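For reference, the structure discussed in these notes is given below.
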Amino acid sequence: MVSADRPTRGDRVFRRANAVVLTLVVAVTLYPFVNIIARSFSGERQIRAGEVTLWPRGVNLTTYKLVFQDSMFWRNYGNTVLYTVVSTAVAMVLTTCYAYVLSKRQLRGRTALIGIAVFTMFFTGGLIPNYVLITSLGLKNSIWAIALPNAISVFNLLVMKAFFESLPSDLEEAAQIDGLSTYGILLRIVLPLSKAVVATMVLFYSVSFWNSWFSAFLYLDRADLMPVTVYLRNMILGATGGSNAGAATEQLSQVGANIQSVTIVLTALPILCVYPFVQRYFVKGVMLGAVKG
């Protein structure tokens, strides 16, 4: 008789096969990142010859020097941090409040509010009307041109709504009996129980705002207001807004093969550093908000 706690032969085979498959998936996933890092430190000739795989060949730091020596790069990097923090904070406040309201089944007009949100997933006003609206509101060349138009992601909204609906209603009823207001219940009862989904939404929004460049390219005219993604885009095109790198056309032509790799590394590095701290909430938050039961 086989013990219930003892794995069978089939279980052992499955675990080994699963470990092999997952190892291959990890290797396939990590290879592009490692290759990009290696290319960012490699020489022009070695990259064009296809000699770079997992290790830099013909070490070349010219591109990094061009970027780091430009004061405009650091100014734009600071702008990106500011835009990401403020935009994420605004998005979380609006998304959380909207999702909490939609989670109340007794709310009048709840179906219409949900329909309005879902409608925006399929239809938009268009590029030109959005540009005219932002300009007429006086938001151009300000941080609000970045934060407000993208403040609510409907996908994130629906995930948070489903999570709030899964919370026991008895908790809120008990809090009401104790005299808490609606905002008190949200701040002191609901949000402390929602750390997983809140951390997940913060990650989603922060990554989105950090990597965003088109809104800034569209609504910001001044180089000193641009985020670092636009700065690095201009470097790829060979025309940066920075004075030092902008004058170094000949130097830029010498590092053209690895400049894309450098820009990817510089853009992704901060997010990669932050992600491990919220990763433990990631799967839990998405599953809690997407699956009811």
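Name, by its number, the condition in (1) among the hydrophobic types (A, V, I, L, M, F, W, C); (2) in a helix (DSSP H, G or I); (3) more than 16 Å from Val262 (Cβ to Cβ) that does not hold for Trp74. Condition (3) is where Trp74 drops out. Considering segment 154-172 alone, what residues qualify as being buried (at least 18 other Cβ atoms within 10 Å of the Cβ) and of a type in the set (S, T, N, Q)? Asn156, the sole residue that qualifies. For segment 106-130, the tally of residues that are within 30 Å of Leu82 (Cβ to Cβ) and either outside the structural domain of Phe209 (by TED's automatic domain parsing) or surrounded by 15 or more Cβ atoms within 10 Å (Cβ to Cβ) (or both) stands at 2. For residues that are among the polar types (S, T, N, Q) and at pLDDT 85 or above, scanning just segment 1-39, find the one that is farthest from Val67 (Cα to Cα). Looking at the filtered set, the residue picked out is Asn18. Considering Gly138, Gly58, the condition of being at positive phi, in a loop (DSSP other than H, G, I, E, B) and free of Cβ contacts under 8 Å to residues at least 12 places away in the same chain is satisfied by Gly138 alone.
In segment 252-270, the qualifying residues are those that are hydrophobic (A, V, I, L, M, F, W, C) and at pLDDT 75 or above, and the one that is farthest from Arg233 (Cα to Cα) is Leu269. On inspection, Leu102 does not qualify as within 30 Å of Met226 (Cβ to Cβ), over 22 Å from the mean Cα position of the chain (by Cα), in the same structural domain as Phe214 (by TED's automatic domain parsing) and surrounded by 14 or more Cβ atoms within 10 Å (Cβ to Cβ). Residues in segment 261-278 that are within 13 Å of the chain's Cα centre (by Cα) and of a type outside the set (S, T, N, Q): Ala268, Leu269, Pro270, Ile271, Leu272, Cys273, Val274, Tyr275, Val278. Does Gln46 satisfy being under 30 Å from Arg222 (Cβ atoms) and not aromatic (Phe, Trp, Tyr)? It is false that Gln46 is under 30 Å from Arg222 (Cβ atoms) and not aromatic (Phe, Trp, Tyr).
All conditions but one from (1) farther than 30 Å from Pro168 by Cα; (2) part of a helix (DSSP H, G or I) apply to Ser42; the one that does not is (2).
Selection of segment 98-117 for residues being assigned to a helix (DSSP H, G or I) and touching a residue at least 12 places away in the same chain (Cβ under 8 Å) yields Tyr98, Ala99, Tyr100, Val101, Leu102, Leu113, Ile114, Ala117.
The values are calculated or read from the model by the stated rules, or taken from the named source; none is laboratory data. As the structure is a computational prediction, the values presented were derived from the model and not from experiment. In this analysis, Cβ positions are derived from the backbone assuming ideal geometry, glycine residues included, and neighbour counts consider all displayed protein chains.
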